[in-house]
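So the structure is just underneath, and the comments pick up after that.
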Amino acid sequence: MHDDAMDSAPTGVPNSVRHHETVVDSPMEHDITDGGPDMVQFVDGEGNRLPTSAANEAYAQIVEDMTSEDARSMYRDLVLVRRVDAEGHALQRQGELGLWPSLLGQEAAQVGAGRAMRAQDYAFPGYREHGVAWCRGVPPENLLGMFRGVNHGGWDSNEHNFHLYTIVIGNQMLHATGYAMGIQRDGDVGTGDDARDAAVMAFTGDGGTAQGDFNEALVFAGVANAPLVFFVQNNQWAISEPNYKQFRIPPYQRARGFGFPGVRVDGNDVLAVYAVTKAALDAARAGQGPTLIEAFTYRMGAHTTSDDPTKYRIATEVDIWREKDPIKRMRGFMTTKGHADEAFFDAVDAEADELAARIRVACQQMPDPAKPHMFDDIYVDEHPVVEQEKADFIAYHSSFADAEGAR
């Protein structure tokens, strides 16, 4: 380990500490903040480096190999992603966007996972993965344009290897599985060539695990040994439904029934998420098949700006999770270990202000698209039905202009 590498911690937790299967029956029988001893974690809520344990030992070397620059870069991503999210929420409240699904509290889960991907890997998001989009190079303005309703999704999927947002809950899991099976059949798995071997990541929330598409995807991925990582962000609430009304056992334990590994990671610990995701993606690219990662985190805000979480959850629950904040945690760790100073943190905050101002102006100045544009780019080749619908649409709206002119 070179001088600039992140400090490792001493061992001390016996290997005999294991977590029995968790059966979630009611809120009285389950601490919503407790991920259990199976959960992979490297930094606690105060930023303290945790000792090596049976849960995190397999991933410890990945963290130890990371440098101070890696830590600073990840922290920057966390702060800038949160600021993009805050601007999206504010712009919706000011009438500039039709809707905004906040990721507040889930920044570490998304940045850690996104940073673990290689350029040739492909991501299939739901509709809250703004942090993964950031890591894949999708400009935040494109996200705002989508929720403003002025584009066809906002970005070129193949340019960023980041699929368009999927609003149908769980549908992206099947898309990802099919794509991963295609990579496998193209021979881009298990060659030993780091520049060629590829994997796929599919993102959903805990609510998505109840969908048929999710479970069908796990069946196909397991049977096909597809190079795929299922990334479940368990933020504790499927809109207004808590975990105990969604499933009997945690998502990560369900993977075993489909024939591949499941791992629970602290979704508010960006180092742990990065390490676990990197290991899973490396295994997938090497031809070892799928992994299901459950990032144990919390949705600090509303499901979307059309939701009121005060109707179904209590403020004290949010306050408890606020103490586990991913940015506060990473900053505490970096300060304690000397990975950054106050000047660095101030510079990141200033950059966040500049980013916020830029995307706000860009959003407000976005022009409305020409009405017929909605018919473009639906199929690769021209489609006679779509072309006729477009012609009829243009003629219909032109008739109003003609009538106006006749007056």
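We did not get these values from a lab; they are worked out from the coordinates using the rules stated. Being a predicted model, the structure only gives us computed values, none of them experimental. Glycine also receives a Cβ, built like all others from the backbone with ideal geometry; neighbour counts cover every protein chain displayed.
So the values come out like this:
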quantity	calculated
Linear extension gain, residue 219 paired with residue 194, 0.36 nm per residue minus alpha-carbon span	6.2 nm
Value of D in µm² per second that Stokes-Einstein yields for region 46-128, Kirkwood Rh from Cα pairs, at 25 °C (0.890 mPa s)	160 µm²/s
Lys, Arg +1 and Asp, Glu -1 on Cβ, resulting dipole of region 258-366 about Cα centre, debye, nearest 20	420 debye
Expected 222 nm ellipticity per residue - DSSP helices of 4 or more, -39500 (n - 2.57), all of the chain, to 500	-13500 deg cm²/dmol
Region 27-364: relative contact order as a whole-number percent, Cα under 8 Å and 6+ apart	27 percent
Projected label distance in nm at residue 119 and residue 157, using a 7 Å step from Cα toward the beta-carbon	2.2 nm
Selection from 112, 250, 277 lying farthest towards where the dipole of the chain points positive, charges on Cβ	250
Gain in span if fully extended, residue 335 to residue 168, counting 0.36 nm per residue against the direct Cα distance	56.0 nm
Kyte-Doolittle at least 0.0, axis length at least 30 Å by Cα - qualifying DSSP helices, the chain	342-364
Long pairs among 245/324; 311/337; 278/324, criterion Cα-Cα beyond 31 Å	311/337
Segment residue 44-residue 249, length gained on full extension (0.36 nm per residue, minus Cα span)	71.4 nm
Total charge dipole magnitude, the chain, about the Cα centre, Cβ charges on Lys, Arg, Asp, Glu only, Debye to nearest 20	680 debye
Convex hull of Cα atoms in the chain, direction-averaged projection (nm²)	23.4 nm²
Gaussian network model of the chain, Cα within-10 Å springs - most flexible of 325, 194, 377	377
